[in-house]
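Student: Mind having a look at this structure? Questions to follow.
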Amino acid sequence: MTKAFLTLPLLALAAAGLALPGPASARPTPEQQLAKALEGRVAGKPVDCIDPRVNSSTQVIDHTAIIYGSGRTIYLQQPRDARALNSDDILVTTLTGSNQLCSIDVVHLHDRTMGFNRGFVMLEKFVPYTRERVAARD
């Protein structure tokens, strides 16, 4: 074997090593991500449905929850089978019977890279979390 032939695989391995992420502890755990998303907010009474047009922003927390909405009020969705959730998936929802996203709906999970269906999660009630208002000072 020639020296050039051996050098290419070694260079490829070295480049791959440079592209690896930092230590695993650098990425927050799902529990830490959820705590950060809910920080400074107060839970309200769970609701059966939300308006997906107003709450179109979504954040998936791996194996834990989906957060719908942004701004003052967000909605926490912790599906029965949350272990299937992956933040790299695309969520595909078909609304059943109304223009609302409801606890009877199913969210299909599609792999972002290959596009294939990875499964689904069945929704539960949505828990609103509202940012506390700060009292105006005189």
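Student: Across segment 83-90, in residue order, what do the Karplus-derived ³J(HN,Hα) couplings come to in whole Hz, using 6.51 cos²θ - 1.76 cosθ + 1.60 with θ = phi - 60° and x for Gly and Pro?
Tutor: Here the 3J(HN,Hα) series is 4, 7, 5, 9, 5, 8, 7, 9 Hz.
Student: A further question on this structure: For segment 30-131, compute Rg over Rh where Rg is the Cα radius of gyration and Rh is the Kirkwood radius from the inverse mean 1/r over Cα pairs. Can you show the working numbers first?
Tutor: Values: Rg = 13.0 Å, Rh = 13.7 Å.
Reported Rg/Rh, Kirkwood definition of Rh: 0.95.
Student: Using θ = phi - 60° and the Karplus form 6.51 cos²θ - 1.76 cosθ + 1.60, what ³J(HN,Hα) does each residue of segment 41-55 get, whole Hz, x for Gly and Pro?
Tutor: Going residue by residue, I get 10, 10, 6, x, 6, x, 10, 6, 9, 9, 8, x, 6, 7, 10 Hz, with x marking Gly and Pro.
Student: Continuing with this model, one more query. Compare the Cα positions of LEU123, LEU101, ILE50 along the charge dipole of segment 30-131 (+1 at Cβ of Lys, Arg; -1 at Cβ of Asp, Glu; about the Cα centre) and return the one farthest towards the positive end.
Tutor: ILE50
Student: For ARG118, what residues show an amide H to amide H distance below 5 Å, using hydrogens built from the backbone and excluding near sequence neighbours?
Tutor: Sorted by chain and number, the residues that satisfy this are LEU109, HIS110, ASP111.
Student: Quickly work out the GLU132-to-ARG53 label distance, labels modelled 7 Å from Cα along the C-beta direction, and quote it in nm with one decimal.
Tutor: 3.4
Computed from the coordinates by the stated procedures, all read-outs in this text should not be read as laboratory data. Computed from a predicted model, the values in this text were never measured in an experiment. Note that we place each Cβ from the backbone using ideal geometry, even for glycine, and neighbour counts take in every protein chain shown.
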